[in-house]
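A short worksheet on the structure shown next.
The values are calculated or read from the model by the stated rules, or taken from the named source; none is laboratory data. The model shown is predicted, which means the values in this text are computed figures rather than measured ones. Glycine gets a Cβ as well: all are built from the backbone with ideal geometry, and neighbour counts include every protein chain shown. The area values use the complete protein model at the heavy-atom level, side chains included, leaving out ligands, DNA and RNA. Shrake-Rupley method; radii C 1.70, N 1.55, O 1.52, S 1.80 Å.
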Amino acid sequence: MGKDVIIACDFASAAQTFAFLDKFTGKKPFVKIGMELFYAEGPQIVREIKKRGHKIFLDLKLHDIPNTVKKTMAVLSSLDVDICNLHASGTINMMKAALEGLTRPDGTRPLLIAVTQLTSTDQKSMENDLLIKEPIDKVVIHYAKNAQKAGLDGVVASPQEAKLIREACGENFLIVTPGIRPA
């Protein structure tokens, strides 16, 4: 995949999204479709953006029981996106089920990556809200290793942990770092 820049289409409607995407008259950017746009417009927004020639990262961060995630990934796979994701905290079994669901009958599939920790999660909230007492970087590395064990292609992680993940999981493990909005 290389070092692509993925542009977030964090819009509430198809009209806003296409007004933005129509500004790109040359090369079509790789785009991220998140929950807001997907839930507002449904799968048709993905089909339309794909038809316009964009690569798509479908950022829905699935997290449910393995069977539900497997069935949902099978539906998402039919949308012909390039990357999907889920939460690594959903366990290795959930990630394996997702991979199975995402894989098409011909053996092809989008890349599958796991969110290690949301960038809004800090050590204090991890300890107080989630009762996870380990240091956040240790948890992120553990989740990345679990994603790798499950057969995933990589993770979404803070730029602060990227070097540690690279050391733990190797050069071929994809690391997607999100843009961080200022407060």
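Give all pairs with beta carbons closer than 7 Å in which a residue from the range 102-118 that is farther than 20 Å from Val176 by Cβ meets a residue that is open to solvent by less than 50 Å² (accessible area, probe 1.4 Å) and of a type outside the set (Val, Ile, Thr); count only pairs at least 6 apart in sequence or on separate chains. Every condition considered, the pairs that remain are Arg104/Ser77. Asn146 meets each of the listed conditions (1) crowded, with 21+ Cβ neighbours inside 10 Å; (2) at pLDDT 95 or above apart from (1).
Restricting the range 121-133 to residues that are surrounded by 13 or more Cβ atoms within 10 Å (Cβ to Cβ) and either in contact with a Gly (Cβ under 7 Å, 6 or more places away or on another chain) or aliphatic (A, V, I, L, M) (or both), the residue that is farthest from Leu58 (Cα to Cα) is Ile132.
Within the range 20-40, the residues that satisfy the criterion of being of a type outside the set (Val, Ile, Thr), more than 19 Å from the chain's Cα centre (by Cα) and open to solvent by 60 Å² or more (accessible area, probe 1.4 Å) are Asp22, Lys23, Phe24, Lys27, Lys28.
Taking the criterion of being in contact with a helix residue (DSSP H, G or I) (Cβ under 7 Å, 6 or more places away or on another chain) and either open to solvent by 70 Å² or more (accessible area, probe 1.4 Å) or β-branched (Val, Ile, Thr) (or both), the residues of the range 111-120 that qualify are Val115, Thr116.
The lone criterion from (1) within 19 Å of Leu174 (Cα to Cα); (2) in contact with a strand residue (DSSP E or B) (Cβ under 7 Å, 6 or more places away or on another chain); (3) among the aliphatic types (A, V, I, L, M) left unmet by Met35 is number (1).
Residue by residue, here is whether (1) open to solvent by 50 Å² or more (accessible area, probe 1.4 Å); (2) in contact with a Ser or Thr (Cβ under 8 Å, 6 or more places away or on another chain); (3) among the aliphatic types (A, V, I, L, M) holds:
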site	(1), (2), (3)
Asn67	yes, no, no
Val81	no, no, yes
Ala88	no, yes, yes
Thr103	yes, yes, no
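Report whether or not Val5 is more than 20 Å from Thr177 (Cα to Cα) and of a type in the set (A, V, I, L, M). When the stated conditions are applied, Val5 does not pass them. Candidates Thr108, Thr91, Thr121, Thr116: the one that is out of contact with any Asp or Glu (no Cβ under 8 Å at 6 or more places or on another chain) and modelled with pLDDT under 95 is Thr121.
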